[in-house]
Structures are given as structure tokens and as C-alpha cells.
Ligand code: NAD
Ligand code: WQD
């Protein structure tokens with residue numbers, strides 16, 4: 001059992017990871033500035049887990065405030081989710097992304113060093129592979145940023161790796177997520193995008209809820225079996241369990257480890273749409289639009305290292321992902 005601080009702990013992946021860590025008997029505290037999370041998340045976490053975990057409303061860029069949290073309780077590890085994550089917004093406002101993601105991580109790492117906390121599990125992304133040359137993608141594939149958001153992930157991976165190399169940190173897991181979707185089966189927590197969703201599953205859910213007229217499929221002329229883009233969709237509860245495994249392995253190892261988190265199976269936009277329709281019984285109106293600039297035809301993981309290093313493989317199916325995403329949308333999600 002360990003005491004773990006989750007930055008961005010009230011967000012989509014952080015909140016589900018809190019549930020999984022508490023279920024395994026770990027002690028959890030959340031740090032979040034609620035810039036992209038609802039204040040209803042902590043009470044809902046309590047409803048799910050029956051545990052009232054401490055919540056610190058703090059910005060990671062406020063080094064002194066983070067230091068005070070570390071001074072008040074001894075943490076064995078930090079899971080660092082807090083970041084901005086919208087690709088389009090990052091191109092429109094690069095300074096904001098460098099500030100929150102890069103300067104924010106620098107501030108967190110400074111506070112960790114001061115407190116002598118040597119273990120970090122970091123939310124990286126498949127975006128660090130840019131436009132992949134071939135799939136499945138292994139961790140040794142070339143790294144390349146195609147947008148500012150991806151650039152910040154690469155910079156943060158390098159910063160953390162350098163701190164391990166120089167002995168300031170002992171252990172880092174750089175977890176490269178593919179496409180997290182789904183929600184906790186209670187329907188109490190899930191993904192709540194601001195404004196018009198840019199990701200496929202939240203958009204599909206809002207079309208199903210008749211909050212949007214129709215889904216636009218971004219291109220059906222890709223070199224894939226049905227012409228639509230292929231991605232590695234991963235249930236957020238599987239992802240949450242991978243974080244438990246990473247923290248537990250980190251407690252007994254040293255060094256920096258980049259690890260892909262995906263199912264290893266790609267599904268096309270059309271396959272996901274049909275799976276959603278079959279699972280929910282709701283017909284999804286759609287039209288074919290132009291390709292979205294910057295989109296790769298296919299992107300799916302080689303998850304072998306996650307199995308050997310973390311003993312983790314994704315268990316939940318596309319049907320689970322569609323059912324749980326829709327339950328959350330139906331019961332709780334609101335367009336912000
Ligand atoms: P999210 O926006 O739901 O969660 C991020 C949380 O961080 C939010 O609760 C937000 O309020 C908080 N936050 C933002 N800036 C902060 C700051 N300056 N100080 C304190 N808190 C701050 O996003 P998510 O989907 O849960 O993503 C979590 C992490 O995973 C991010 O680092 C993201 O880049 C990464 N990631 C996400 C995906 C995805 O598709 N969701 C894929 C790959 C990687
Ligand atoms: C999936 C597929 C689209 C919306 C993004 C980020 C990545 C990571 C995860 C954080 C693609 C198609 C989508 C729509 C569509 N985030 N699509 N109509 O682009 O793989 O990854 O989120 O790290 O960095 O880039 O995910 O859900 O946007 O798209 O046809 O309205 O759905 O073209 O093939 P993506 P996505």
C-alpha cells in the first residue's frame with residue numbers, strides 16, 4: 001500500500017485511476033485546479049468508493065502551494081495527469097501549452113525534488129509517435145511531434161528522463177496512452193468535454209443523445225479496409241488499472257520506462273459507429289466529410305512491453321466501451 005498524489009486527479013483519466021487505486025487499498029490525494037473538471041467529481045468518487053480522499057484545489061504552476069501539500073503528508077509517488085490536451089487549441093495558443101504543460105511539470109518536479117519524492121508516473125500519449133510509419137507501434141519507434149501539444153509531451157518525457165539519468169528522480173514510467181474511451185460502469189464519472197467535442201466517442205455520444213445532428217466521418221478514402229481511420233480504443237478502467245500496475249512496479253524498480261497502453265487492436269471509425277449502434281440500439285446519422293488535417297490513416301499499439309513489465313493487458317471490449325460511454329452520457333454528462 002502506498003500514498004499517491006494524483007495531479008489532474010479530478011479529470012477524466014485521473015478520476016478513474018483514483019477509483020482503481022482505492023480499490024487496491026492505496027491512499028490517494030487529488031490535486032486539481034478544476035480548469036477542466038467538475039466540482040461534482042470528488043463527491044461522486046466518494047459515492048463510488050466510500051472513501052473521502054483529500055482534494056487540493058491548486059495549480060501545478062504554484063510551486064510553493066505544491067510544496068506545502070508535500071510537506072503536510074509523505075507521498076511515495078506522484079501520478080502526473082494535469083495538462084491541457086486539445087491539439088487545435090495548442091496550435092492556436094502555444095504559449096499557454098508551454099506554460100501549463102512544460103512549466104507546470106517543471107514546477108511539480110521542483111516541488112517533488114524539495115520533498116525527496118523520487119517516483120513519477122507520467123501521462124504521455126501515442127501522439128509522440130507523430131504519423132507512424134507502420135503499425136503496431138512499439139516503444140522504439142521514432143518520436144516526432146506534429147503539433148504543439150505533442151511537442152509538449154516530448155519535452156516533458158525528456159525532462160523527466162533527464163532527472164532520472166541525473167539521479168534527481170529514481171523511477172519514471174512514461175505511459176503512452178492510445179485512445180482512451182468509456183467510463184466507470186456506475187455512470188457517475190466519465191469524460192465531459194468543453195464545447196463541441198473533437199474526439200470521436202464523445203461526439204458519437206452527443207449525436208446519440210440528439211444534442212448534435214449527425215457525425216461527420218473525417219475521410220473514407222484512407223488505405224484501410226473500409227476507408228475510414230483506424231485507432232486503438234482503450235477502456236478508461238483498463239487504463240486506470242494499468243496505472244495501479246505502474247505505480248506498484250515503480251515502488252520496486254529504478255530507471256525510466258516508456259510503455260505503450262493500448263489493446264493492440266485497431267478499429268475503424270465505421271466499426272466503432274456500428275459497435276455503438278449495435279450496443280445501444282440507437283441509430284447514428286452520419287455523413288462523410290473531408291480528411292482532418294494531421295490525421296494518420298492507422299494508429300495502434302504493440303502492447304507487449306506493458307504485459308512483460310507491468311503484467312497488464314486490456315480486458316474490456318469495444319462493446320464495454322460503447323455501453324459504458326453511453327451510460328455515462330445518458331445518466332450524467334452535460335454539454336459544458
Ligand atoms: P482532463 O482534462 O480530463 O484531465 C486533466 C486534469 O488536469 C483536469 O481535471 C484539469 O482541471 C487539470 N489541470 C489542468 N491544468 C492544471 C493545472 N495547471 N494545475 C492543476 N490541474 C490542472 O484530461 P484527461 O483526458 O484525463 O487526460 C489526462 C492526461 O492524459 C493529460 O496529461 C493528457 O494529455 C493525457 N492523455 C489524454 C488522452 C485522452 O485521449 N484523454 C490521450 C493521451 C494522453
Ligand atoms: C479518432 C478517429 C478521426 C472525430 C486524439 C489526439 C491524441 C490523443 C487522443 C491526447 C480518427 C475520426 C473523429 C469526428 C471522425 N489525445 N473522427 N469524426 O485523433 O486518434 O487522437 O485524441 O493525447 O493526441 O490527437 O482521436 O477521437 O479525435 O479521432 O471521423 O468527429 O475518429 O479522423 O480517425 P485521435 P479522435
Looking at the stretch 284-292, can you tell me whether even one residue there is more than 14 Å from ligand 2 (Cβ to nearest atom) and either surrounded by 21 or more Cβ atoms within 10 Å (Cβ to Cβ) or at negative phi (or both)?
no
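For the stretch 5-32, enumerate the residues that are part of a loop (DSSP other than H, G, I, E, B) and away from ligand 1 (no atom under 11 Å from the Cβ). Give the derivation first.
Filtering the stretch 5-32 down to residues part of a loop (DSSP other than H, G, I, E, B) leaves 8-11, 24-26.
Listed by number, the residues that qualify are 24, 25, 26.
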If we ask which residues in the stretch 181-200 are within 9 Å of ligand 2 (Cβ to nearest atom) and crowded, with 24+ Cβ neighbours inside 10 Å, their number turns out to be 1
Q. Condition test on residue 231, is it within 12 Å of ligand 2 (Cβ to nearest atom), in contact with a strand residue (DSSP E or B) (Cβ under 8 Å, 6 or more places away or on another chain), modelled with pLDDT of 95 or more and farther than 30 Å from residue 254 by Cα?
A. yes
Checked 128, 164 against criteria (in contact with a strand residue (DSSP E or B) (Cβ under 9 Å, 6 or more places away or on another chain) and away from ligand 2 (no atom under 16 Å from the Cβ)); the one match is 164
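When you look at residue 138, is it touching a helix residue (DSSP H, G or I) at 6+ places or on another chain (Cβ under 8 Å), away from ligand 1 (no atom under 16 Å from the Cβ) and at pLDDT 95 or above, yes or no?
When the stated conditions are applied, residue 138 passes them.
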Just one listed residue, out of 208, 242, 258, is surrounded by 20 or more Cβ atoms within 10 Å (Cβ to Cβ), under 30 Å from residue 117 (Cβ atoms) and touching a helix residue (DSSP H, G or I) at 6+ places or on another chain (Cβ under 9 Å), and it is 242
Of those in the stretch 293-310 that are over 26 Å from residue 131 (Cβ atoms) and touching a residue at least 40 places away in the same chain (Cβ under 8 Å), the residue surrounded by the fewest Cβ atoms within 10 Å (Cβ to Cβ) is 309
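The values are calculated or read from the model by the stated rules, or taken from the named source; none is laboratory data. Not measured: the values here are computed from a predicted model. No Cβ is skipped: glycine too gets one built from the backbone with ideal geometry, and neighbour counts run over all protein chains shown.
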